[in-house]
Amino acid sequence: MSERVEVAKTYKLFIGGAFPRSESGRTHPVRDRRDRLVAHVAWASRKDLRDAVRAARAAQAAWAGRTAYNRAQIVYRIAEVLEGRRDQFEAELRVGGMTSRAARANLDAAIDGSVYWAGFADKLEQLAGGVNPVAGPFLNVSQTIPLGVCGLACPDDGGVSGMLGLVCPALAAGNAVVAVAGGRSALVSSTLGEVLATSDVPAGVANVLTGDHAALLGWLVDHADVDMVDLTGAPADSRADLEARTAENLTRWAATGGAEHLGTIMEFRDVRTVWHPARIL
Amino acid sequence: MATTPSRDVAARLGEAFADYAPSAEGRDIVTIRPEYGLVIGGAERPAADGATITTIDPSTGDALARVAEAGAADVDAAVAAARRAYDGAWGAASPRDRAKLLFRLARLLQDRAREFAVLETLDGGKPIREARDVDVPLAAQHLFYHAGWADKLEYAVPGMRARALGVVGQIIPWNFPLLMAAWKLAPALACGNTVVLKPAETSPLTALLLAELVDEAGFPPGVVNVVTGAGATGAALVDHPGVAKIAFTGSTAVGKGIRRALAGRGVRLTLELGGKGAHIVFDDAAIDQAIEGIVDGIFFNQGHVCCAGSRLLVQETVAGDVMERLRARMELLRVGDPLDKNTDVGAINSHSQLVRIREFVDGAVEEGCAVHQPSRGVPDAGFFYPPTLVTDVGGSERIAREEVFGPVLTVQSFRTEREAVDRANSTRYGLSAGVWTEKGARILWMADNLHAGVVWANTFNRFDAASPFGGVRESGFGREGGRHGLEAYLDLTPVRA
Amino acid sequence: MGTLTRSGDELAGGALAGTLRVGGVDAVALEARAARLAGRSIKRESKDAGLELAVRCIDLTTLEGADTPGKVRAMCMRALRPDPEDASVPPVAAVCVYPSMVTHAAAHLDGTGVRVASVAGAFPSGQADLDQRLEEIRGAVADGADEIDIVINRGALLSGRLDIVHDEVAAAKRACGDAHLKTILETGELGSYDAIRLASMVAMAAGSDVIKTSTGKLPVAATPPTALCMAEAIRDYHRHTGRVVGLKLAGGIRTSKQALGYLAIVAETLGVHWLHPERLRFGASTLLNDVVLQMRFRRTGRYPRPGDLPVD
């Protein structure tokens, strides 16, 4: 034993600001390109999902109640922390099968994307809300409002940018999220949880689950306390079924792909219109 | 002057005055044909299988006309006609010309406003005052408002390029037949789509008359097609592979079915569904105006309003006062002939809806609620139901949770803002809410915390073409009206991509 | 009278047992309701009844610097016999004049059932020493006035001195003796429906028999929402105290259609018992002839010529 024994990482879930193992006790092996075992990641159960949704619900109102400026700074902080952990992420992405170059590009996109969404938080109202010129003595204002708890199907091969491309706009928009990562993204998701935990994102606002994508997403769309699901990374063969299952609770769904434009972040917002009389005599 | 007047001449005159003599709007302005066909590709035709439905005047039960009932083959023909128009004359029309045609349609509707109002009242049972003062003017406003968007769609969403979707299927309810038709058609056409419109089976006539105006205005054939029929017709439209988008207004149950049917097909969908609107009155409210808001909120259009304020929540400190005033106000409501210009509450739209309302109220009594109805009766003939107040409500009763869609108001009290919000939000729905208070900060806090797409503060049941309307939760998704409403009818792609 | 504060939104003690919440008024909803009531479609026998009732509720009024005994005489004749061609058209409720004309009006109306009303108390501004105003009231009553129309102290109201407003009206009521006191709020100067409602409550609490919209000397006078606002105050005051207070609508009411609209507002707010000259008045001059013409039309089915009717 001349060489130092490396301390291997345990890849856990991120729920309510903590890093639990799956309550089921199950893990899932992740292998590198040469099929060597790299790690076991936690394999989230239905109860883990329930706990994550509960944590998200509990945290959401306070998160939405923060000023948009404050949410913007916290999302920006994600980019800052990410920048400082590039090497770790690059290594994990390479284990997941990316080339160094692709991994670096993925991180560039993730960091720059986080900055992009950070700056959106306090622009939404002016871009998508406003005063409506109704034909009567009323002030009529449409505001954009958060949807609540959003479930995010992160793409298997999206790496860090694939996850943050959904997480950041949803957070900037004032929602709490349950991000579900499967496949090779599972490896980075645990580390991403550490980034979120150290970026001033309040406990419960962002939750990350790894496990069987299709099963987790099914439980997610069936959960009556989930307001919206982004099915970007849903397995193609389960997509129609998941869409159909949103009917039961009329859960909103989208597949934004994290594309950087107003339409994406508005998928994480709704519109509320308030009327008030505006005349005294 | 403080003496109680004896029942002298003046007193008798007062009584004679206050018992308003009948003042019926003339129905001769409307010519109802015995039969109506489907409007497909600019021509009227019977259903392929010859099926018809009969539409009646719910205030008498008398038949008004037989209307074609479209089957799958007819829907297919309508979608094909819409597609031809989309690929042809309508797709080629300049945005400016689309605008001008819509402006003209709005004007034609204004010209014939009285005719539309009378027909709406005859076919649907709503009071002529409402058809005249609300439905028809708002329908015209929707057409006029959206007309101006047709050549300005590059401004619809910042940074997004806007294109039409194609053929749009629109399924509308029976409570505001003309208004819903205009509400749906206007943005769809302004955005360059063509339409297959499915009116409700109990009130199809004004949509068919509107289709005549569309033709008169000079829209190319096939831009607007009308397939009358019941649920099966709507289902055929939803199932048709040629539609790019479905817009549905109706019940939550049917809306969920449509969502399932469209899963995985890439068809756009907006749903305007049911509601169980909370109407919250604080003790500092302008009480008399709040009473008017409550009355309008639940008795407007016989309560056949998805955003009706059907759950009254009153702060305990004024609950007694509010209830006393509300009961007195309800005594004044004139229920009867919808064509009478002084009628406040008209006929229930259909016999089946009347039965449903009765079942709800009977069930409430069985569950221990108390029911109050005004002393004036309702007409024997036709479908009428009196304005109804349900008290001693706990919140778990069926009548407090499900949408009655009738002139029935449940009442509960609350003590604090938090309690009011929690009670208001304790529902699957999230369409509308009302708040009455003279305190500005309370309005803003309540609006922020209520789960509702529309919040009326110190007013209720206000609608406008420029104002986005739509719900959260199980009241549906998507907005109609205003700039936001355009998004449902546009294919938006980022300009810089 | 105990303390009257606007901020507390309540009138305490004195004329009121317990407290009465004044509350606020939402202008937009008030106006919508008023428009709907004023737009009631009044036809056939309801219209006939309403027109005759309108005549019976009119305070036929002349309040001009150029008033003379001759003009007052002509008006009294018109008050007693509004339609010279039809004796079935009843007399009006009262004739309303300046104090200097009270003796002339009383001479013509004594014993007819048509009452003599006089403005008093430095009408229309009310800007005079209280003693002078009260003296004018006493003089008009001594000259034969059955009813006295005074204005409230708007300056005091708008500066928050409700006690002054109240005490002055109460003093005027005492000065009236047996005559009825109609208190003019001059709503056009009050700035908001909230202030109109508050002024109504103060005027009633101080003992007014009738509250009245306007002097008729301002461009903004009676309007349907103002009438509705005051009618709601009267109803609430009655509900709270059991005391009946009348409503007088004055200024700008010129047509039968307007009058019928106001009747509908009163009927559906205060109830049918308020449709009576003991509780409702229209302060007007040109309104009478328009109603008479309408009644002629209803009787004959032909449009009459306005010039056929007598003028003052």
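If you go through the range A:251-281 and keep only what is facing chain B (nearest Cβ under 10 Å), crowded, with 23+ Cβ neighbours inside 10 Å and in a loop (DSSP other than H, G, I, E, B), you end up with just A:Thr251. Only one of these conditions is not met by A:Val178: (1) crowded, with 24+ Cβ neighbours inside 10 Å; (2) part of a helix (DSSP H, G or I). Which number is it? All conditions pass for A:Val178, except number (2).
Once the range B:269-323 is narrowed to residues that are of a type in the set (Asp, Glu) and more than 16 Å from the chain's Cα centre (by Cα), the residue that is surrounded by the most Cβ atoms within 10 Å (Cβ to Cβ) is B:Asp288. For the range A:124-135, residues that are in a loop (DSSP other than H, G, I, E, B) and more than 7 Å from chain B (Cβ to nearest Cβ) total 1. Looking across the range A:262-273 at every residue that is touching a residue at least 12 places away in the same chain (Cβ under 8 Å) and touching a Leu at 6+ places or on another chain (Cβ under 8 Å), the one that is nearest to B:Val157 (Cα to Cα) is identified as A:Leu262. Out of B:Ala433, B:Ala420, B:Ala400, B:Ala441, report the one residue that is on the phi < 0 side of the Ramachandran plot and in contact with a Gly (Cβ under 7 Å, 6 or more places away or on another chain). Checking each option against the conditions leaves just B:Ala433. Selection of first residues in the range C:270-290 that are away from chain B (no Cβ under 14 Å) and of second residues that are among the acidic types (Asp, Glu) and surrounded by fewer than 22 Cβ atoms within 10 Å (Cβ to Cβ), restricted to Cβ pairs under 9 Å at least 6 apart or on distinct chains, gives the following pairs, ordered by first then second residue: C:Ser285/C:Asp312.
Among the residues of the range C:253-287, those that are part of a helix (DSSP H, G or I) and either out of contact with any helix residue (DSSP H, G or I) (no Cβ under 7 Å at 6 or more places or on another chain) or at pLDDT below 95 (or both) comprise C:Lys257, C:Gln258, C:His273, C:Thr286.
Within the range B:141-163, identify whether any single residue is within 30 Å of B:Ala63 (Cβ to Cβ) and at pLDDT 95 or above, and answer yes or no.
Kept after step one, since they are within 30 Å of B:Ala63 (Cβ to Cβ), are these residues of the range B:141-163: none.
Scanning the range B:141-163, I find no residue that is within 30 Å of B:Ala63 (Cβ to Cβ) and at pLDDT 95 or above, so the answer is no.
Looking at the range C:235-246, is at least one residue under 18 Å from C:Ser41 (Cα atoms), within 11 Å of chain B (Cβ to nearest Cβ), part of a helix (DSSP H, G or I) and in contact with a helix residue (DSSP H, G or I) (Cβ under 7 Å, 6 or more places away or on another chain)? No, the conditions are met nowhere in the range C:235-246. Taken together, the residues in the range B:366-398 that are under 25 Å from B:Gly336 (Cα atoms) and part of a helix (DSSP H, G or I) amount to 0. Of the conditions (1) outside any helix (DSSP H, G or I); (2) at pLDDT 95 or above; (3) touching a Ser or Thr at 6+ places or on another chain (Cβ under 9 Å), C:Ala231 clears all except one; give me its number. Going through (1) outside any helix (DSSP H, G or I); (2) at pLDDT 95 or above; (3) touching a Ser or Thr at 6+ places or on another chain (Cβ under 9 Å) one by one, C:Ala231 breaks only (1). Pairing each residue of the range B:275-295 that is more than 26 Å from B:Arg428 (Cα to Cα) and at the interface with another protein chain (Cβ under 7 Å from one of its Cβ atoms) with any residue that is in a loop (DSSP other than H, G, I, E, B) and of a type in the set (A, V, I, L, M), provided the two are 6+ apart or on different chains, yields C-beta distances under 8 Å for B:Ala286/C:Val25; B:Asp288/C:Val25; B:Gln289/C:Val25.
Here is a yes/no grid of residues against (1) without any contact (Cβ under 8 Å) to a residue 24 or more places away in the chain; (2) in a helix (DSSP H, G or I); (3) touching a strand residue (DSSP E or B) at 6+ places or on another chain (Cβ under 9 Å):
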residue: C:Gly111; (1), (2), (3): yes, no, no
residue: C:Phe123; (1), (2), (3): no, no, yes
residue: C:Asp131; (1), (2), (3): yes, yes, no
residue: C:Arg138; (1), (2), (3): no, yes, no
residue: C:Ala145; (1), (2), (3): no, no, yes
residue: C:Ile148; (1), (2), (3): no, no, yes
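The requirement of being among the small types (Gly, Ala, Ser) and at the interface with another protein chain (Cβ under 9 Å from one of its Cβ atoms) is fulfilled somewhere in the range C:257-266, by at least one residue. Applying a threshold of 8 Å to beta carbon distances and a minimum spacing of six or more residues, or different chains, the list of pairs starting in the range C:25-51 at a residue that is free of Cβ contacts under 8 Å to residues at least 12 places away in the same chain and ending at one that is of a type in the set (D, E, K, R) and assigned to a loop (DSSP other than H, G, I, E, B) reads C:Val28/A:Arg279; C:Ser41/B:Lys341; C:Ser46/B:Asp19. The residues in the range B:423-470 that are in a helix (DSSP H, G or I), within 26 Å of B:Ser251 (Cα to Cα), among the aliphatic types (A, V, I, L, M) and within 11 Å of chain A (Cβ to nearest Cβ) can be counted, and the count is 1.
Which residue pairs have Cβ atoms under 9 Å apart, sit 6 or more places apart or on different chains, and have a first residue in the range B:13-33 that is at the interface with another protein chain (Cβ under 7 Å from one of its Cβ atoms) and within 30 Å of B:Glu212 (Cβ to Cβ) and a second that is among the charged types (D, E, K, R) and surrounded by 15 or more Cβ atoms within 10 Å (Cβ to Cβ)? The qualifying pairs are B:Ser23/B:Asp340; B:Ser23/B:Lys341; B:Ser23/C:Arg40; B:Ser23/C:Lys43. Residues that are of a type in the set (D, E, K, R) and buried (at least 23 other Cβ atoms within 10 Å of the Cβ) within the range C:235-252 comprise just one, C:Lys248. Which residues, taken from the range A:230-258, are over 30 Å from B:Phe460 (Cβ atoms), without any contact (Cβ under 8 Å) to a residue 40 or more places away in the chain and out of contact with any helix residue (DSSP H, G or I) (no Cβ under 6 Å at 6 or more places or on another chain)? Across the range A:230-258, the qualifying residues are A:Ala236, A:Asp237, A:Arg239, A:Ala240, A:Asp241, A:Glu243, A:Glu248, A:Trp253, A:Ala254, A:Ala255.
Table: residues versus (1) more than 8 Å from chain B (Cβ to nearest Cβ); (2) farther than 30 Å from B:Gly26 by Cα; (3) under 20 Å from the mean Cα position of the chain (by Cα).
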position: C:Arg21; (1), (2), (3): yes, yes, no
position: C:Gly24; (1), (2), (3): no, yes, no
position: C:Leu37; (1), (2), (3): yes, no, yes
position: C:Gly50; (1), (2), (3): no, no, yes
position: C:Leu53; (1), (2), (3): no, no, yes
position: C:Asp59; (1), (2), (3): yes, yes, yes
position: C:Ala66; (1), (2), (3): yes, yes, no
position: C:Pro69; (1), (2), (3): yes, yes, no
position: C:Met75; (1), (2), (3): yes, yes, yes
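B:Ala117 satisfies every condition listed in (1) farther than 25 Å from B:Pro338 by Cα; (2) out of contact with any strand residue (DSSP E or B) (no Cβ under 7 Å at 6 or more places or on another chain); (3) assigned to a helix (DSSP H, G or I) except (1).
Among the residues of the range A:206-232, those identified as at pLDDT 95 or above and not aliphatic (A, V, I, L, M) are A:Asn207, A:Gly218, A:Trp219, A:Asp222, A:His223, A:Asp225, A:Asp227, A:Asp230, A:Thr232.
Based on this model, can you work out whether B:Leu333 counts as assigned to a helix (DSSP H, G or I) and more than 30 Å from B:Asp422 (Cα to Cα)?
Judged against the criteria, B:Leu333 is not a match.
Taken together, the residues in the range B:438-486 that are over 21 Å from the mean Cα position of the chain (by Cα) and assigned by TED's automatic domain parsing to the domain that holds B:Val157 amount to 0. What residue, among those in the range C:173-186 that are of a type outside the set (Asp, Glu) and out of contact with any Lys or Arg (no Cβ under 9 Å at 6 or more places or on another chain), is nearest to C:Ile152 (Cα to Cα)? Only one residue fits best here, namely C:Lys173.
The values are calculated or read from the model by the stated rules, or taken from the named source; none is laboratory data. Just so we're clear, the structure is a prediction, and the values are computed from it rather than from any experiment. Neighbour counts run over all protein chains shown; Cβ positions are idealised from the backbone, glycine included.
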